[in-house]
1. Tell me which residues come under 5 Å, amide H to amide H, from residue 542 once H is placed; ignore anything under 5 positions away on its chain.
2. Got a sec? What order do 544, 326 fall in by accessible area at 1.4 Å, biggest, i.e. largest, first?
3. Based on the alpha-carbon gyration tensor of segment 289-359 and its eigenvalue square roots a ≥ b ≥ c, which shape applies: rounded if a/c is under 1.5, prolate if not and a/b is larger than b/c, or oblate?
4. By per-residue mean of other Cβ atoms within 10 Å, what is the highest-first order of 203-215, 429-441?
5. I'd like the carbon and sulfur percentage of the solvent accessible area for segment 285-402, probe radius 1.4 Å, heavy atoms only, ligands and nucleic acids excluded.
6. If you rank 501, 173 by how much accessible surface each has, with a 1.4 Å probe, what is the order from largest down?
7. Spelling out what I want: for every residue of segment 357-371, take phi, set θ = phi - 60°, compute 6.51 cos²θ - 1.76 cosθ + 1.60 (Karplus), and round to whole Hz; glycine and proline get x.
8. At a 10 angstrom cut-off on C-beta neighbours, averaged per residue, how do the peptides 65-74, 270-279, 88-97, 48-57 rank from highest to lowest?
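The values are calculated or read from the model by the stated rules, or taken from the named source; none is laboratory data. The shown structure was predicted, so the numbers you read here are calculated from the model rather than taken from an experiment. Here Cβ is always computed from backbone atoms with ideal geometry, including for glycine, and neighbour counts include all displayed protein chains. Areas reflect the complete protein model, heavy atoms only, side chains present, ligands, DNA and RNA absent. Shrake-Rupley method; radii C 1.70, N 1.55, O 1.52, S 1.80 Å.
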Amino acid sequence: MNSSRQRGLAAPFALVTGFGALFALGTVAAGLHGKVSPTALLIVAAAVVTVLSFVAEPIAAIPLAFVGWLSAVGFSHAPYGQLRLTGPFAGRSAVVMAACALAAGGLGLLLRRSANRPILEGVGSETGQPGMVAVPDRSKAGRRAGGRQALEGDSVLAKAAYAVGARRALTGMLTAVVGLPLLTLLLALARHQLSLTDDLLIYLVAVVGLAVIGGFWPAVLGAASAFLLLNWYFTPPLHTFTVDKPDNLLALLLFVTVAMLVSSVVHLAASRAAQAARSREEARLLLTLAQTVLGGADTPAAVLDHLVTTLGGRAELLEFVGGRWVRIAASGNAPDGAATTRVSVRTDLALEVAGQPDAIASGLLAGFAAQAAAALDRERLRTQAAQAEALAEGNRMRTALLAAVSHDLRTPLASIKASVSSLRQTDVAWTESDEEALLATIEENADRLDGLIGNLLDMSRLHTGSLQPFLRPITIDEVAPIALRGLDAPAGVRFEVPDGMPLVLADPGLLERVLANLFSNALHHSPAARPPALQAHRQDDTVVLEVIDHGAGVPDGLKTEIFEPFRRFDDRKVGVGLGLAVAKGFTEAMGGAIVAADTPGGGLTVRVTLPVASATAGAESMQGAGS
C-alpha cells in the first residue's frame, strides 16, 4: 500500500502553503478596510484550514488551525493588527478552527485508509516490470516491518517530511525548549540596543538552526514559540498578545511565514542529501550484485547468497507448482517469528525475505528479485540447451551410424553370404584351394564384422557413461602382443619397448582395445616397406606409448578431428571411423591422454600417456576392485 497517499500531503509543504494563503487573506482584508465582515473572514480562513487539513497529514492540522485562528482574530476588526485573544469572536473563532481542522484531518485520513486498504503496491508497475507485488505479513511484526518498508518506497514529498531520524528530532525539540527562552532572556537584556527588526532576524536564524539540527517539526515548534515570545516580550504593548500597530503584526506574520518557508527549504535539502546517500548505497549494492552475476555466479543460489551476505536475514526463491509454493533456492537464517516480505516477480515466482536488521528499499528488493528470477531462467535455459545438444549429438551419431553401417555391415555380410552360398552349391566341384579361399574370405569378413560391432558397442558404452574401468598395475609387454591378435599383419608391427619400463595403471582390456585400434589404423596407412612401430619411454610420472606409421600423415587442422566418431579422411573410406574415437574415450576413462603428432620423415604418430603405477595406487586399486 502506498503510504504517502495514505498519510497525505507532507506537512512542510502543507504548512507553507497554508501560512501563505492565510497571510494573503489577512492582507486582502486589511487592504479593503472593513469591507470584509469578521464572519466572512472567519469562513474563508476556516475553508483554507479545512481544505489543507483534509489533504495534508493529520499532524499538520494543529498548526494550520492555530495560524488560521490568529489570522481571523487579527484581521477581523479595525484597527487591524490588534490580537484580541479574548472575547466572544475570539472564542467562536477558536472553536470553529479547531472543529474544522480536526474534522477535516480525521475524515481525510479515514478516506485515504479505506481507499487504499485492498490495494497491493506494484513494485514494478510504473517501470513496466510485470507482476511485481509486495505482499506484507499479516502478523503484528509483519505490520511493523511493512510500515518500515513502505516508508522506504514513498514519494519524494513524504521522504522530505521524515528524512531526519528520531534522535535528531528529539535533539531539536530539546534545543527549542531550552534555547529559545535563553535567547529571549538575552534579547530582553539588550532591548534598548536592538529594534524589533533585529529581534525578528535573530529569531529567524534560531529557527533555521533548529531546522538544521532537528528537521522540520522542531522548526515549526520554534517558529510558533518565537512568534509568541516576540509578541509578548518585544512587540508593544509589552507582556500582552495585543499588537497596537498593524505593521508590527505584519512583521510577525511575515516572520512566521518566512521561518516556515526557510525551514522547509533547509529540511528539503537535508532530506535530499539523505535520499542521495540511500540511492548511492542502493546503486553500490546493485553494482556489486551485477558484478557477482557477470563474474560467473549466475545462479539463483548465488544471488540469494549475495543478498544475505549484504543485507543479512534469510532469503528464499519460491515457485508456484502444482497448487503450492515450492522452494527453488534459499540462503541465510532468520529468527523465529521474524516478519516476512514477499515480492512476486511473476504470478508463479516470488522472492521472500525475513529477519533483515534494517528495512530494505522496495527498489533494491525488486532488483534482487529480478536478478534471482533471471538467474533461474538462465540456469534452466542452460540445462535445456545442454539437453538439446545431447539430443542433437545423439541424432548426429545415429545418422552417421546408419550411413556408415549401411555399407560397412552389408559389405562383409554380402561377402560371407556369397562365400557360404558358393560352398553349398552341389552342381559345382570346388578344388581344395578354392574352398580355402572361400573359407578365408568368410573368416576375414567375420573378423571385420567382429571388430566393427566391438567398436560400436564400445562407443555405445562411452556415450551412455556406463564404462567402469578396472585399473591395476600392468606391463606394456603383456598387453601389446594380445592387441595384435586378429589383425591382418601381426608380424608387421615392430615392438621397441626398452627393458625396465615401469608398470602403468590401466585396465588391461581397455588398453588392449586402445592398442588394437591404433595398430589397425597404423597398418592400414603404412606402406609395406616401412611397417609401423610401437615405442615406449618414461616421462616424469607417466609412460608415453607411441604408435608410429609412415603413411601420408594428417594435416595439422585435422589432428583433433580424427578422434571424433565417424570421421574418415582417406579416399577409400574404409571402416566406420570409430577406432580412434574409441581409443580416445578408453584412454581418458583410464586417466590418460591421447594426441596425434607428425612422424619425422612423414606419417602420423599417436601418443598415449598413462600414469605410472605406484605401489600405493596399485594396492588402493586392488582394494577398490575387491570391495
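1. The answer is 612.
2. Working: 544 5, 326 45 Å².
Largest to smallest exposure gives the sequence 326, 544.
3. On the way: a/c = 2.05, a/b = 1.08, b/c = 1.89.
Here segment 289-359 falls in the oblate category.
4. Values: 203-215: 22.6, 429-441: 11.8.
In descending order of packing, they fall as 203-215, 429-441.
5. Working: 3310 of 5880 Å².
Using a 1.4 Å probe with all protein chains present, segment 285-402 comes out at 56 percent carbon and sulfur.
6. Working: 501 45, 173 65 Å².
The most accessible residue leads, giving 173, 501.
7. x, 10, 5, 9, 4, 4, x, 5, 5, 5, x, 4, 5, 5, 5
8. Working: 65-74: 26.1, 270-279: 14.5, 88-97: 16.4, 48-57: 23.3.
Answer by packing, highest mean first, reads 65-74, 48-57, 88-97, 270-279.
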